[in-house]
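Below is one structure, written out as structure tokens, with a few remarks after it.
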Amino acid sequence: MQQAQIHELYDDEFYKGQASSSYASAKTMLPQVQELFGEIKSVIDVGCGVGTWLRAWSEINPSIKIFGIDGNAADEKLYEIPLESYKEVNLTHDADSIIKEIMTKYTDANNIGGGGANHLL
């Protein structure tokens, strides 16, 4: 799938139509994830959409560091996380290219996971 096709498929109407059910799913599932893994200090969500799951993480643990990446071009008003916690990337590229793009675009890489983005390489 090409980036233009992704933008057509995942448009504003898509996110408006699924945001509440995505958020409800996150609120149900994340306490179980936290129970399995214990205290979680940071989350990177690949394919985060407009950040509904990251929003839920932030509500469960206000001190958690969140970062989302996705290939959508949704209206900024639809995002449920701070825009500085999100980067649009081309998810049709291979993983190494995506990581490089994140590190290049994200100027304050020390905020990812609290210890810098170098551990992603």
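The values are calculated or read from the model by the stated rules, or taken from the named source; none is laboratory data. Worth saying up front: this structure is predicted, and the values here are computed from it rather than measured. Cβ: placed from backbone, ideal geometry, glycine included. Neighbour counts: every protein chain shown.
Quick notes
- Some residue of region 20-36 being modelled with pLDDT under 90 and either under 21 Å from GLU84 (Cα atoms) or of a type in the set (D, E, K, R) (or both): no
- Scanning region 21-75 for residues being part of a loop (DSSP other than H, G, I, E, B) and at negative phi gives a total of 14.
- SER22 vs. criteria more than 22 Å from ILE102 (Cα to Cα), crowded, with 17+ Cβ neighbours inside 10 Å, polar (S, T, N, Q) and free of Cβ contacts under 8 Å to residues at least 60 places away in the same chain: yes
- Residue check, GLU13 under 21 Å from LEU91 (Cβ atoms), of a type outside the set (A, V, I, L, M) and assigned to a helix (DSSP H, G or I): yes
- All positions within region 24-49 that are more than 13 Å from the chain's Cα centre (by Cα), closer than 30 Å to ASN90 by Cβ and among the hydroxyl-bearing types (Ser, Thr, Tyr): SER25
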